[in-house]
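Everything on this sheet refers to the single structure shown next.
The values are calculated or read from the model by the stated rules, or taken from the named source; none is laboratory data. What you see is a predicted model; the values in this text were computed from it and never measured. Every residue, glycine as well, gets a Cβ built from its backbone with ideal geometry; the counts of neighbours run over all protein chains shown. Side chains included, ligands, DNA and RNA excluded: accessible areas come from the protein's heavy atoms. Shrake-Rupley method; radii C 1.70, N 1.55, O 1.52, S 1.80 Å.
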Amino acid sequence: MSAKRDFLEVDDLTPAQFEELLSRAEAWKGAPEEVPRPLEGLGAALLFEKPSARTRTSTEMAVVTLGGHPVYIRPEEVGLGVRESVEDVARTLACFCSVLAARVFQHATLETMAGAVDVPVVNLLSHRAHPCQALADYLTLREVFGSLEGRRLVFVGDGNNVAASLAFGAALSGIELTVASPPGYELEDDVVDRARNLGGAIEISNDPYEAVKGADAVYTDVWTSMGQEDESEARRAAFTGFQVDGEMMAVAGEQARFLHCLPAHRGEEVAADVIDGPTSLVWQQAANRMHSARALLAQLVEGHDQ
Ligand code: CP
Ligand code: NVA
C-alpha cells in the first residue's frame, strides 16, 4: 500500500508532479473524452467553513467528471469541533468518501484532518494557503506563454494565502515572482525562506510601480481576506497606492497580462478598466479552476491504493 498523499500546499507536489498535473489538465481540457474515471462510484467530501463560488463549483464538477459523487458539507451541519472533534468528523467522512477537501479558517484544522484519516486531504483555502488557486493560475500562464520557466510574475498587494501558494508554484515551475506589499503586509518570512530553499526566485518589495516594470503578468487579490473583516478600514488605508490600475499596467508594459483569483473589488485593489480590459485573464483563470482540480484529484486518487 503506497503512502497517501495530501495537498495542503503547492510544495506537497514535486516539480515533476506539478508539471505532469498541468500537462494533464491542459490535455484533458482539449479532449474531455480522454478524462479517466478514477472516482467511479466513490465520494468526495467538500467541507466549507467560508463562502465560495469558484472553488465549490469547480471542485464539484471535477469530482463528477472523474466519475465520483461530491458531498457538500457546511460546518454547522456536522458541528465541526463543537458537536464532534475535527478528527472524528474527518474519520466519519472518510468512512464514506475517498477524498476529503476543506476550506477552513485555520490551516491547523487541515493538518488535524490529514493526520486523522488515510484518504487524501485537499486544501480548498486556509488562512495560510490557497494551493488549488495557484494550480489554475499557473495553468493559465502556461497556456498563455507556452512555458513558465524564466517568466516574471509580480503580485501586488497583501502577502496572503494566494501569494504564498503562488510562491511555492513559482519555486516548482521556475517562474520569477516578486511580491510587492505595503510595509507590514509582506509575505511571511518562513514562506519566503521555504520557497527559496526549493529553488524559487522570490523577491519582496514595498514599491509596486518599480516591481511591475517589465512583468509578464501582474496579479492582485483583495486587501481584506475572509476572516479579516475587522481590519478592512485599516487595510484600505495601508494599501493606498497599491491599486492595479491603468497607470500601473502602463508602467508594467504592454506585454503585461493581468490576473486576479476573484472575487474582486473593482475600485479597490483593481480598477474596473484593468480587470474588464483586454489584458485580463481572470475568466480563463476561473475556468481553469475545474481543469486543474480535476488533474489534481486524479493524481491524488491514482497515487493512493484504496
Ligand atoms: N478564487 C476562489 O477561491 O473563489 P471562491 O472563494 O469563490 O471559491
Ligand atoms: N485571499 C482571499 C482569497 C479568496 C479566494 C481570501 O482568503 O479571502
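Helical runs (DSSP H, four residues minimum) scored at -39500 (n - 2.57) apiece and divided by the length of the chain put the mean residue ellipticity at 222 nm at -13000 deg cm²/dmol. Springs between alpha-carbon pairs under 10 angstrom, Gaussian network model over the chain: which of LEU100, LEU198, LEU141 fluctuates most? Result for the chain, Cα springs under 10 Å: LEU198 fluctuates most. A DSSP coil position with no more than 12 other Cβ atoms inside 10 Å describes none of the trypsin sites (Lys or Arg not before Pro) in segment 142-175. For segment 104-134 versus segment 23-58, the inter-centroid distance based on Cα atoms is 17 Å.
Counted over the chain with a bin width of 20 Å, the fraction of Cα pairs per bin, in whole percents, is 35, 57, 8. Between LEU262 and SER85, the simple label model (points 7 Å from Cα in the Cβ direction) yields a spacing of 4.0 nm. Calculated translational diffusion coefficient of segment 172-306 (25 °C, 0.890 mPa s; Stokes-Einstein with Kirkwood radius over alpha-carbon pairs) equals 147 µm²/s.
Taking the accessible area of the chain, probe 1.4 Å, and keeping the other protein chains in place, the carbon and sulfur fraction comes to 50%. Going by alpha carbons, how many degrees (0 to 90, nearest 10) lie between the helix axis of 86-96 and the longest principal axis of the chain? The answer is roughly 60 degrees. A Förster radius of 22 Å combined with the Cβ-Cβ distance from SER147 to LEU198 puts the calculated FRET efficiency at roughly 0.75. Computed with a 1.4 Å probe over protein heavy atoms only, the accessible area of ILE204 comes to about 70 Å². From the alpha carbon centroid of segment 60-81 to that of segment 207-236 is 31 Å. Among the GluC sites (Glu not before Pro) within segment 90-177, those in coil by DSSP and having at most 11 neighbouring Cβ atoms inside 10 Å are GLU149. Projecting the Cα atoms of ALA180, PRO32, GLN255 onto the dipole axis of the chain, where Lys and Arg carry +1 and Asp and Glu carry -1 at the beta carbon, places PRO32 farthest toward the positive end. Solvent-accessible area per residue in segment 97-172 equals 22 Å², computed with a 1.4 angstrom probe and all protein chains kept.
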